[in-house]
Each structure stands twice: as C-alpha cells, then as structure tokens.
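Single-structure report; data block below.
The values are calculated or read from the model by the stated rules, or taken from the named source; none is laboratory data. As the structure is a computational prediction, the values presented were derived from the model and not from experiment. Protein only, heavy atoms only, side chains kept; ligands, DNA and RNA dropped before computing areas. Shrake-Rupley method; radii C 1.70, N 1.55, O 1.52, S 1.80 Å.
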Amino acid sequence: MRNEMKLELDALSVNEAFARVVVAAFVTPVNPTLEELADVKTAVSEAVTNAVIHGYDKAQGKVMLRGILQDGLLHIEVEDRGKGIEDVEKAMEPLFTTRPELERSGMGFSFMEAFMDHLEVRSKPGEGTLVIMEKRFQNREQDEE
C-alpha cells in the first residue's frame, strides 16, 4: 500500500503540535510501536520548529509537510522558503545554535538523525531549507478494508 499526504502550515509555533499529530495519524496503518511513534513525532517536531524559528525568524511564511508511506517506509519532507542555512554541516553539529537568546539547545538535527534512519538537509541562503527524513517500520501493516 502507498499513501501520500501534503500539508501547508503557517509558520507559527502552535502548528508544531499539529504537525506531530498529523504525522502520528499518518503512520497508524503500519502499527508503529510507541517508541517508533515518539521518534517520528519528535523528529517532525524538531524540523517544523527549526523552520518556524530559524527559517522565518518571526516573519510570515509557510511550512510544507509532505509524507509518503509505502511498504513500511516513511518518507517525510519538511520545507520552508525562509532565509536558509549558510553552513549546513556546521548547523548539524550537536549544540550549535544561531539563536542562543531563545535558549535553543542546538540539538534539533541531532535528534532528527538519532530518531530517524535517514536525514538529509538541503538549504540555500535566501531560498529556504528542505529536511528529508526516512524511517523504516517493521512490516506490521494492517489489511486494507
């Protein structure tokens, strides 16, 4: 079974929780364990939060959440058209943050990498950032009715 979803959210911190719930509902057909569900929700939460806080920096904008679920593989994309990342490698270092005044831990990408099986970050300054994540679930798909 293949299932796809697309969601466009305003770049507001309140929508981070909404994105978590949407992704949790989206993966239910593969019967994820509570740990798998928590991992995916945390990774998506971090990606959306990064887009809101770092991508747009209080400016208006949209965060796009796209997902494909096929044969137990979840492919998630979180994209913004914000200011982009100057140095992706540096940004992905644990504890690195460009917003210390907001008490950011600098662990967002580290959490995404730890909780998902694959993480890729593409960004261009002035154009935005695309975060691509994948997680493989055990083959526990429910039968379609």
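Structure above, values below:
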item: Derived scalar couplings ³J(HN,Hα) [the range 56-65; Karplus, 6.51 cos²θ - 1.76 cosθ + 1.60; whole Hz; x for Gly, Pro]; result: 10, 6, 6, 7, 6, x, 10, 10, 9, 10
item: 1.4 Å probe accessible area per residue over the range 1-57, in Å²; result: 48
